[in-house]
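Colleague: Take a look at the following structure, please.
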Amino acid sequence: MQRHLHPFKLSLLGALGLGLLVASCQKSGEDPDAQPKPVASSLDQLQRRILTPTCAVSGCHSSESDPTFNQHHLVLTANVAYKNLVSAEPSNSTAKANGLLRVKPFAALESLLYHKLNTAASHHSGANYGNPMPLGKEPLTVGQIEFVRRWIEAGAPKEGAVVDSTLLDDKTPSTPVTGNFEGLPVPAAGTGLQMKLDPFTIIPNFERELFIRKTIGNTQDMYVNRFEVKMRPNSHHFVLYNFRNNQNLPAMNEVRDLRNSDNTLNLLTALSMQNHVYFIGVQAPYIDYAFPEGTALLIPANATMDMNSHYVNKTTASITGEVFVNLYTTEKAKVKSVVKTMDFNNTDLPIPAKTRVTLSKTFVMSKPVKVLVLTSHTHKLGEKFVVKIKGGARDGEVIYTSTDWEHPDIKTFTTPILLAKGDALVSEITYNNTTSKDVNFGLTSDDEMGIIFGYYLEE
């Protein structure tokens, strides 16, 4: 005799079976009512994975107390990074002149952040926007740089996940590994000469700045109408210096470090710097600069110069520095005008103890000139160096500003600054004397200086 289950009991068993089936498909400990985790915005990921660990660190972009803040005026901590980046005007003079913003929504190639993180010079048409970042650390990977580019191209939004976050996990190096660095080929015979700083070591968590006096290698006067410089990554700057006085010059081919391994100042090296006159200088890892057609720098026969290299290492392993300099020459007959090296020096510098003071000097042009490049030089009390035009239609215009006495800005004018006879350049330098003694002009590191360096042409 068959027995049939009551419909109510059948439905109860079905419900129990379905419940067991659902339970078996759930992971242990999973809450069926839990809400899905929100996806972090692309800005949050940019901040957490790139800006905070590599940029907003002590000594760089962490606060207004960082030693470099007066140069870049940029803090990148999470609470202010977006405001300080998006649609903000840069401090970099070349970027500002080229119309870039720190981040220009929908336009990565018009955003200084993208150029500073992408070390390949080809993407910014050879423009010199200073040192690539993060200085002294490993460059960002290909994927990280692409994440930044896509975020900017998507409008640099504050909210929303607009970029594939897996790009941040990419490990592809954006620059060649150190062992694969290729320097510059030697100029062909009769077209120029090469100077070189052989590979040298920068120990972990250290900034090494050194000088080596070397011969140019010219047995007769030579006219340089172009120079090319290429360096290994993490260089802060390279400068080739001439000498104001050829007496008591440093020994040839001898490495002179500015700082000892315990970071104390090497006073003999610092003293030798007071005899320097700027010849060429770069802050980017590669530059190819040509003087205007028919112009050139004159280097006297049998000249020697000081090669100055500064590298930054913020990693836990030693890195290597190396510099190649090519000086390309032209025939004397093709030179219509010799490029002059600017050396405008203010020697009247009374700086009282415990005082901040701004001192000015006017340098009047005896002939019409075209200013090609400007840079500056002070000692450690120099807080701000400004150069203004006096006279003519641009009277009072500030054309140069630097707020880093150790590493002054080097400003190249794509369109030369025209000054008529009687017009002038004015140096306006702010010194902050925090010491207990008065300071004046002098050659030692405890004295002060105030010099406009650069290039110009006389009409």
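Colleague: Can you spot a residue in the stretch 362-379 that is more than 21 Å from HIS276 (Cα to Cα), within 21 Å of the chain's Cα centre (by Cα) and surrounded by fewer than 17 Cβ atoms within 10 Å (Cβ to Cβ)?
Modeller: No, the stretch 362-379 contains no residue that is more than 21 Å from HIS276 (Cα to Cα), within 21 Å of the chain's Cα centre (by Cα) and surrounded by fewer than 17 Cβ atoms within 10 Å (Cβ to Cβ).
Colleague: I need a count of the residues in the stretch 382-398 that are out of contact with any helix residue (DSSP H, G or I) (no Cβ under 9 Å at 6 or more places or on another chain) and in contact (Cβ under 8 Å) with a residue 24 or more places away in the chain.
Modeller: Residues meeting the conditions: 9.
Colleague: Moving to a separate point now. Failed condition for LEU298, given (1) among the hydrophobic types (A, V, I, L, M, F, W, C); (2) within 26 Å of the chain's Cα centre (by Cα); (3) part of a strand (DSSP E or B), with all others met?
Modeller: The single condition LEU298 does not satisfy is (2).
Colleague: Report, by residue number, each residue of the stretch 211-249 that is more than 17 Å from PHE279 (Cα to Cα) and either in contact with a Ser or Thr (Cβ under 6 Å, 6 or more places away or on another chain) or not hydrophobic (A, V, I, L, M, F, W, C) (or both).
Modeller: Within the stretch 211-249, THR219, GLN220, ARG232, PRO233, ASN234, SER235, HIS236, GLN247, ASN248 qualify.
Colleague: Could you tell me which residue of the stretch 107-160 is modelled with the highest pLDDT, considering only residues that are on the phi > 0 side of the Ramachandran plot and either crowded, with 20+ Cβ neighbours inside 10 Å or under 17 Å from the mean Cα position of the chain (by Cα) (or both)?
Modeller: Residue satisfying both the conditions and the ranking: ALA156.
Colleague: All but one of (1) modelled with pLDDT of 90 or more; (2) aliphatic (A, V, I, L, M); (3) surrounded by 18 or more Cβ atoms within 10 Å (Cβ to Cβ); (4) more than 19 Å from the chain's Cα centre (by Cα) hold for MET449, so report the exception by its number.
Modeller: Among (1) modelled with pLDDT of 90 or more; (2) aliphatic (A, V, I, L, M); (3) surrounded by 18 or more Cβ atoms within 10 Å (Cβ to Cβ); (4) more than 19 Å from the chain's Cα centre (by Cα), MET449 violates only (1).
Colleague: Okay, next question. Would you tally the residues in the stretch 281-295 being under 30 Å from SER58 (Cα atoms) and in a strand (DSSP E or B)?
Modeller: Residues in the stretch 281-295 being under 30 Å from SER58 (Cα atoms) and in a strand (DSSP E or B): 4 in total.
Colleague: Considering only strands (runs of 3 or more DSSP E) fully contained in the stretch 174-271, which possess at least 2 residues that are among the β-branched types (Val, Ile, Thr) and over 30 Å from THR141 (Cβ atoms)?
Modeller: By residue number, 206-215.
Colleague: Yes or no: LEU418 part of a strand (DSSP E or B), on the phi < 0 side of the Ramachandran plot and in contact (Cβ under 8 Å) with a residue 60 or more places away in the chain?
Modeller: Here the answer is no, as LEU418 does not meet what is asked.
Colleague: Can you name the residue in the stretch 287-329 that is among the acidic types (Asp, Glu) and within 24 Å of GLY183 (Cα to Cα) and is also surrounded by the most Cβ atoms within 10 Å (Cβ to Cβ) among such residues?
Modeller: My answer is ASP306.
Colleague: Quick check on ILE152: is it touching a strand residue (DSSP E or B) at 6+ places or on another chain (Cβ under 7 Å), without any contact (Cβ under 8 Å) to a residue 60 or more places away in the chain, among the hydrophobic types (A, V, I, L, M, F, W, C) and within 29 Å of SER87 (Cβ to Cβ)?
Modeller: yes
Colleague: Let me ask you something else. ASP438 is checked against (1) acidic (Asp, Glu); (2) under 26 Å from VAL339 (Cβ atoms); (3) more than 28 Å from the chain's Cα centre (by Cα) and fails just one. What number does that condition carry?
Modeller: Answer for ASP438: the failing condition is (2).
Colleague: Which one is modelled with the lowest pLDDT, of the residues in the stretch 202-214 that are of a type in the set (Val, Ile, Thr) and under 21 Å from LEU268 (Cα atoms)?
Modeller: ILE202
Colleague: Name, by its number, the condition in (1) surrounded by fewer than 16 Cβ atoms within 10 Å (Cβ to Cβ); (2) more than 26 Å from PHE206 (Cα to Cα) that does not hold for VAL335.
Modeller: Result: VAL335 passes all but (1).
To keep it simple, each residue is scored yes or no on (1) crowded, with 19+ Cβ neighbours inside 10 Å; (2) among the aliphatic types (A, V, I, L, M); (3) under 19 Å from ILE280 (Cβ atoms).
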| position | (1), (2), (3) |
| --- | --- |
| LEU197 | yes, yes, yes |
| ILE212 | yes, yes, yes |
| ARG232 | yes, no, yes |
| HIS237 | yes, no, yes |
| ARG259 | no, no, no |
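The values are calculated or read from the model by the stated rules, or taken from the named source; none is laboratory data. In this text, all values refer to a predicted model and were calculated from it rather than measured experimentally. Positions of Cβ are generated from backbone atoms using ideal geometry, with glycine treated the same way; all protein chains shown enter the neighbour counts.
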